[in-house]
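Student: I am attaching a structure below and will ask some questions about it afterwards.
The values are calculated or read from the model by the stated rules, or taken from the named source; none is laboratory data. Please read these numbers as outputs of a predicted model, since none were measured by experiment. Quick reminder, even Gly has a Cβ in these numbers, built from the backbone with ideal geometry, and neighbours come from all protein chains shown. With ligands, DNA and RNA removed, areas are computed over all heavy atoms of the protein, side chains included. Shrake-Rupley method; radii C 1.70, N 1.55, O 1.52, S 1.80 Å.
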Amino acid sequence: MTLHFTKMHGLGNDFMVIDGIHQSPVLTPERIRQWADRHFGIGFDQLLIVEPPTTPNALFTYRIFNADGSEVGQCGNGARCFARFVLDKGLTTERDIPVDTKSGLITLHVTDDGNVTVDMGAPITEPSRIPFIADEASTAYRIALPTPIAGQTEVIVDALSMGNPHAVIDVTDVDRAPVDLLGSAIERHARFPERVNVGFMSIVDRHTIRLRVFERGAGETLACGTGACAAVVSGIRRGLLDSPCQVDLPGGSLSIAWAGATDAPVLMTGPAQTVFEGTLTE
Ligand SMILES: N[C@H](CCC[C@H](N)C(=O)O)C(=O)O
């Protein structure tokens with residue numbers, strides 16, 4: 001089998017992108033894990049594949065797989081790279097690109113400066129839809145840790161979905177946060193039945209935060225688009241932030257805007273870069 005792919009990234013969150021319209025790869029969790037390996041494979045945080053649309057208003061279907069082989073409902077940095085990919089490959093000439101995802105329709109808008117603005121849809125805060133096990137909806141959930149971490153036996157998180165589940169933790173200094181230890185403990189916590197992405201947010205001012213994200217199925221990444229959206233929504237709904245908000249991640253900055261109404265869409269703007277083209281022969 002010969003498979004052509006493009007290696008891309010959004011602020012260092014990196015992807016193997018495949019045209020699944022003109023190719024029909026067999027994607028198994030084992031193969032994705034092999035390809036994701038940064039020593040024995042291609043190396044990436046997520047694999048993205050372009051497929052034909054499944055609803056009348058969409059131009060494409062956008063599927064996302066984590067490095068551990070799990071298929072997920074949303075990927076913000078990947079959405080920007082998806083838009084760049086379908087334009088560069090001549091799969092469309094449209095600059096407004098509605099796409100189907102496992103979590104519903106989102107719209108990608110390629111701007112003249114090469115950035116991409118994605119309408120990520122409205123955030124979801126109802127626990128059962130995140131999904132998160134809780135007696136009632138809140139912005140501050142107390143979660144018991146299975147074993148003490150950094151002297152803590154519990155942690156307070158906000159929980160919400162951007163089409164994929166996120167836990168947001170306030171920290172005073174992201175550089176000193178126990179991202180790997182606490183991130184991996186919460187990623188697999190029993191109260192998140194589909195696991196969860198874990199964001200560590202420190203507030204710089206009402207329009208600026210710093211953020212590190214331990215991603216479900218990938219570990220800490222240099223950037224997480226849906227994580228940036230979730231952190232800003234959490235900060236705005238808790239009265240700590242105002243829109244728009246600049247999110248400074250290890251790989252670079254995103255701009256996130258949200259009007260604050262529960263049904264208002266979250267808009268994410270940032271770059272998308274192509275690194276190289278590759279061919280797999282198996
Ligand atoms: N790890 C995520 C998917 C990728 C999200 C991230 N790379 C982004 O840019 O939003 C999950 O399991 O829901």
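Student: Kindly indicate whether F5 is open to solvent by less than 20 Å² (accessible area, probe 1.4 Å), of a type in the set (A, V, I, L, M, F, W, C) and in a strand (DSSP E or B). Explain how you work it out, then say what you get.
Tutor: Numbers: open to solvent by less than 20 Å² (accessible area, probe 1.4 Å): yes; of a type in the set (A, V, I, L, M, F, W, C): yes; in a strand (DSSP E or B): yes.
Yes.
Student: Among the residues of the range 152-178, how many are over 17 Å from A190 (Cβ atoms), surrounded by fewer than 22 Cβ atoms within 10 Å (Cβ to Cβ) and hydroxyl-bearing (S, T, Y)?
Tutor: Adding up the residues that qualify gives 1.
Student: Among the candidates I143, I149, single out the residue that is closer than 21 Å to R237 by Cβ, surrounded by 14 or more Cβ atoms within 10 Å (Cβ to Cβ) and more than 16 Å from the ligand (Cβ to nearest atom).
Tutor: Working: I149 fails: closer than 21 Å to R237 by Cβ.
Selected residue: I143, the only one of I143, I149 that is closer than 21 Å to R237 by Cβ, surrounded by 14 or more Cβ atoms within 10 Å (Cβ to Cβ) and more than 16 Å from the ligand (Cβ to nearest atom).
Student: Right, next: Read through the list (1) surrounded by fewer than 24 Cβ atoms within 10 Å (Cβ to Cβ); (2) of a type outside the set (F, W, Y); (3) in contact (Cβ under 8 Å) with a residue 40 or more places away in the chain, then give the number of the only condition that I97 fails.
Tutor: That leaves (3) as the condition not met.
Each row is one residue, and each column tells you yes or no for (1) of a type in the set (A, V, I, L, M); (2) under 24 Å from R195 (Cβ atoms); (3) touching a helix residue (DSSP H, G or I) at 6+ places or on another chain (Cβ under 9 Å).
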residue: G43; (1), (2), (3): no, yes, yes
residue: P52; (1), (2), (3): no, no, no
residue: R63; (1), (2), (3): no, yes, no
residue: G78; (1), (2), (3): no, yes, yes
residue: F85; (1), (2), (3): no, no, no
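Student: Against the definition (open to solvent by less than 10 Å² (accessible area, probe 1.4 Å), aliphatic (A, V, I, L, M) and part of a helix (DSSP H, G or I)), how does A228 come out, yes or no?
Tutor: yes
Student: Within the set of pairs 6 or more residues apart or between chains, which connect a residue that is under 16 Å from R33 (Cα atoms) inside the range 216-229 to a residue that is more than 6 Å from the ligand (Cβ to nearest atom) and of a type in the set (S, T, Y) with Cβ atoms less than 9 Å apart?
Tutor: Filtered contacts from the range 216-229: R216/S70; G217/S70; G219/S184.
Student: Tell me, which strands (runs of 3 or more DSSP E) wholly within the range 8-108 include 3 or more residues that are within 16 Å of the ligand (Cβ to nearest atom) and under 28 Å from V247 (Cβ atoms)?
Tutor: Details: elements: 13-19, 46-51, 60-66, 96-101.
The qualifying strands (runs of 3 or more DSSP E) are 13-19, 46-51, 60-66.
Student: While we're looking at this one, here's another question. If a residue has to be open to solvent by less than 10 Å² (accessible area, probe 1.4 Å) and within 11 Å of the ligand (Cβ to nearest atom) to count, how many in the range 193-214 make the cut?
Tutor: 5
Student: Any chance the range 257-266 includes a residue that's assigned to a loop (DSSP other than H, G, I, E, B), open to solvent by 40 Å² or more (accessible area, probe 1.4 Å) and charged (D, E, K, R)? Show your work before the answer.
Tutor: So the first thing to find is which residues in the range 257-266 are assigned to a loop (DSSP other than H, G, I, E, B), and the list is 259-265.
If we keep only those that are open to solvent by 40 Å² or more (accessible area, probe 1.4 Å) too, we end up with 259, 261-263, 265.
Now drop any that are not charged (D, E, K, R), which leaves 263.
Within the range 257-266, one or more residues are assigned to a loop (DSSP other than H, G, I, E, B), open to solvent by 40 Å² or more (accessible area, probe 1.4 Å) and charged (D, E, K, R).
Student: Report yes if V198 is part of a strand (DSSP E or B), more than 17 Å from the chain's Cα centre (by Cα) and at pLDDT 95 or above, otherwise no. Lay out the reasoning, then the answer.
Tutor: Values: part of a strand (DSSP E or B): yes; more than 17 Å from the chain's Cα centre (by Cα): no; at pLDDT 95 or above: yes.
Spelling it out, it is not the case that V198 is part of a strand (DSSP E or B), more than 17 Å from the chain's Cα centre (by Cα) and at pLDDT 95 or above.
Student: Considering the range 135-194 alone, what residues qualify as being of a type in the set (G, A, S) and farther than 21 Å from C224 by Cα? Step through it out loud before you land on a result.
Tutor: Going residue by residue through the range 135-194, those that are of a type in the set (G, A, S) are 137-138, 140, 144, 150-151, 159, 161, 163, 167, 177, 183-185, 190.
Passing the criteria: A137, S138, A140, A144, A150, G151, A190.
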